[in-house]
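These notes concern the structure reproduced below.
Any read-out appearing in this document is the output of simple, stated calculations on the displayed coordinates, not a laboratory observation. The model shown is predicted, which means the values in this text are computed figures rather than measured ones. Every residue, glycine as well, gets a Cβ built from its backbone with ideal geometry; the counts of neighbours run over all protein chains shown.
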Amino acid sequence: MSYDQSAAEGSLRQNEYRGMPTGEQVPSPQLLENVRMFFVAYEADPDVLRQELPPGLEPHPSNTIRMDMYRVPDGRMTSHLDEFTLTYLSIEIDEHDSTAITASTGEEKSLPGRYWVGYWTDSSQMQKYVREFGGIPAEEGTTSWDWDGNSLSSTLSVDGQDVIDLQATAVPPESEEYEPKERVTGHFNYYARRQIPTLSGHRTAIDELVEFPIPSIFDVYEAEVESLEFDFPESHYGSQFAPTEPLNVTDIVYGENSFAYPIGRQIKNYQTE
């Protein structure tokens with residue numbers, strides 16, 4: 001979609017250029033330590049996945065979206081970021097795998113690459129940072145975590161409306177049973193299409209596919225998904241990424257992750273290729 005095309009009436013598109021939000025500019029890379037997060041991989045509509053990927057990328061045969069929900073309650077957990085909450089959606093893509101290693105066995109595991117299609121944070125600093133350095137489709141949104149014993153409710157709210165609700169069973173951090181079952185180390189390959197218009201807005205100044213090899217040390221804890229519900233307005237682009245029915249969860253990773261937002265590298269220039 002070019003920037004001089006308007007979005008459909010009443011809808012929001014994640015690649016519609018709105019300019020950079022206000023907020024402090026921070027450099028790359030950015031390090032984050034022991035961030036508690038909940039990854040859920042689920043099956044989604046393959047036609048949607050295919051149409052949302054840019055030229056040169058194809059969906060992984062598993063037709064999977066990976067959703068990550070997390071909170072950074074203290075900026076001291078980062079190298080130079082304020083506290084924030086985040087939920088993002090990414091499409092697993094084919095032939096862009098990375099490798100992770102299970103610490104207890106030394107086993108190597110291949111991990112499909114992931115293309116960002118939704119990204120909601122309540123930090124204007126973070127919105128500006130990820131849009132500017134990588135073209136990641138950042139929007140305003142707040143992620144909450146609420147515990148009731150071993151029951152976790154994690155909710156994404158956008159414009160005052162709850163739009164994603166995850167219900168899970170997990171070990172809360174204050175529990176005596178809060179011990180990792182495994183440590184996984186490696187890299188996750190993430191991708192985004194970075195598009196920046198000229199000052200006039202009539203054409204694109206930059207149009208590139210960017211790769212982010214994200215290093216990670218992940219302590220994994222026991223968890224199960226009870227339900228995952230999407231309640232975006234029908235006109236909102238996020239609604240199309242809802243799970244298929246019945247819900248098919250293909251992977252869960254809950255725990256504490258130390259990782260970095262690296263400097264991205266261009267792997268395709270759409271203006272010359």
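What does the charge count around ILE217 come to, taking other residues whose C-beta lies under 13 Å from its C-beta (Lys +1, Arg +1, Asp -1, Glu -1)?
-3
Any chance you could check the Cα centroid distance between the stretch 224-246 and the stretch 160-174 for me, in angstrom?
Taking the Cα centre of each part, the stretch 224-246 and the stretch 160-174 sit 14 Å apart.
For the stretch 33-269, what does the relative contact order come out to in percent, with C-alpha contacts under 8 Å and a separation of six or more?
Here the relative contact order equals 22 percent.
Just to check I understand the Karplus step: with θ = phi - 60° and J = 6.51 cos²θ - 1.76 cosθ + 1.60, what whole-Hz values come out for the stretch 257-271, glycine and proline as x?
Per residue, the Karplus-derived 3J(HN,Hα) values read 10, 9, 7, 9, 8, x, 6, x, 10, 6, 10, 7, 10, 6, 7 Hz.
Compute the relative contact order of the stretch 147-254 as a whole-number percentage, counting only Cα pairs closer than 8 Å that sit 6 or more residues apart in sequence.
27 percent
Taking the Cα centre of the stretch 33-269 as the origin, how large is its charge dipole in debye, to the nearest 20, when only Lys and Arg (+1) and Asp and Glu (-1) carry charge on their Cβ atoms?
Dipole about the Cα centre, nearest 20: 1260 debye.
What are the residues whose amide H is under 5 Å from the amide H of TYR254, where those residues sit 5 or more places off or on another chain and H is modelled from the backbone?
Residues meeting the criterion, in which the H sits 1.01 Å from N, are PHE39, TYR221.
Using the Karplus equation 6.51 cos²θ - 1.76 cosθ + 1.60 (θ = phi - 60°), what ³J(HN,Hα) coupling, rounded to whole Hz, does each residue of the stretch 40-52 give in order, writing x for Gly and Pro?
Here the 3J(HN,Hα) series is 10, 9, 9, 6, 9, 5, x, 5, 5, 4, 5, 6, 8 Hz.
Farthest toward the dipole's positive end in the stretch 38-197, which of SER157, LEU49, SER79, given Cβ charges of +1 (Lys, Arg) and -1 (Asp, Glu) about the Cα centre?
Of the listed residues, the answer is SER79.
Convert 4 °C to kelvin, take the viscosity as 1.567 mPa s, use the Kirkwood radius over C-alpha pairs of the stretch 33-269 as Rh, and evaluate the Stokes-Einstein diffusion coefficient in µm²/s, rounded to a whole number.
This corresponds to a translational diffusion coefficient of 70 µm²/s.
Just to be sure I understand: with springs between alpha-carbon atoms less than 10 Å apart, which residue in GLU245, GLU33, GLU222 has the highest mean-square fluctuation in the Gaussian network model of the chain?
Sorting by GNM fluctuation, first place goes to GLU245.
Considering only TYR88, TYR178, TYR129, give the residue with the highest GNM mean-square fluctuation for the chain, with springs between Cα atoms whenever their separation is below 10 Å.
Highest fluctuation of the listed residues: TYR178.
Pull up the cross-link candidates among the aspartates and glutamates for LYS109, meaning alpha carbon to alpha carbon under 17 Å and not fewer than 8 places away within one chain.
Cross-link targets: GLU92, ASP94, GLU95, ASP97, GLU182, ASP219, ASP251.
Please report the net charge: other residues with Cβ closer than 12 Å to the Cβ of THR121, K and R +1, D and E -1.
Computed value for this residue: -3.
Pairing the Cα long axis of helix 124-134 with the longest principal axis of the chain, what angle in degrees results, from 0 to 90 and rounded to the nearest 10?
On a 0 to 90 degree scale, this one is about 70.
Return the single residue from HIS236, HIS80, HIS202 with maximal mean-square fluctuation; model: Gaussian network over the chain, springs between Cα atoms under 10 Å.
Taking springs between Cα atoms under 10 Å, the residue moving most is HIS202.
Set the Förster radius R0 to 25 Å, insert the Cβ-Cβ distance between GLU33 and ALA100 as r into 1/(1 + (r/R0)^6), and round the FRET efficiency to 0.05.
Here the calculated transfer efficiency is 0.85.
Would you please give the residues with an amide H less than 5 Å from that of TYR119, counting only those at least 5 places away or on a separate chain, with H modeled from the backbone geometry?
LEU89, GLU139
Which cross-chain or sequence-distant (5 or more) residues have an amide H under 5 Å from the amide H of ARG36, H modelled 1.01 Å from N in plane?
Under 5 Å from the amide H of ARG36: ARG71, ASN257.
If r is the Cβ-Cβ distance from THR250 to ASP159 and R0 is 22 Å, what FRET efficiency results, to the nearest 0.05?
0.15
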